[in-house]
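Student: Before anything else, here's the structure in question.
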Amino acid sequence: MANEVTKVPEQSRYELRDEAGELLGFIAYLPAGDSVIIAHTEVPPEHGGEGVGGRLVRGALAAIADEGKTVIALCPFAAAYVQRHPELVELLAPSERKRFGAVG
């Protein structure tokens, strides 16, 4: 569905597309046992500043949580986004939470 983050497992990424199907951006991921590594977030320059990156991070974290997995945010953009949105820290792998200032 347009404007929703969708998993594209054959490319190991989550995508966000507009109503016409144009790719607005993607997050590359790697499976890691009970977690999923967010390795890279990419938004084309023509869509920079539109909030696409944040929508991608939130959507990917929610999709990963829905699968019963946690996140390891190695991508600098995703990590910075989670740092600015502490309500998302609970979706991270327990070993990652301290890095984001969470206790326990």
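Student: Condition (residue is within 24 Å of Lys98 (Cβ to Cβ), at pLDDT below 95 and basic (Lys, Arg)) applied to region 57-69: is it met by at least one residue?
Tutor: Taking every residue of region 57-69 in turn, none turns out to be within 24 Å of Lys98 (Cβ to Cβ), at pLDDT below 95 and basic (Lys, Arg).
Student: Conditions first: (1) basic (Lys, Arg); (2) in contact with a helix residue (DSSP H, G or I) (Cβ under 7 Å, 6 or more places away or on another chain); (3) in contact (Cβ under 8 Å) with a residue 40 or more places away in the chain. Arg55 passes all but one, so which condition is the exception?
Tutor: (2)
Student: With (1) surrounded by fewer than 17 Cβ atoms within 10 Å (Cβ to Cβ); (2) more than 16 Å from Ala62 (Cβ to Cβ) as the list, and Leu24 as the residue in question, which single condition is left unmet?
Tutor: That leaves (1) as the condition not met.
The values are calculated or read from the model by the stated rules, or taken from the named source; none is laboratory data. All figures in this text were calculated on a predicted structure; none of them were measured in a lab. Virtual Cβ from ideal backbone geometry, glycine too; neighbours counted across all protein chains shown.
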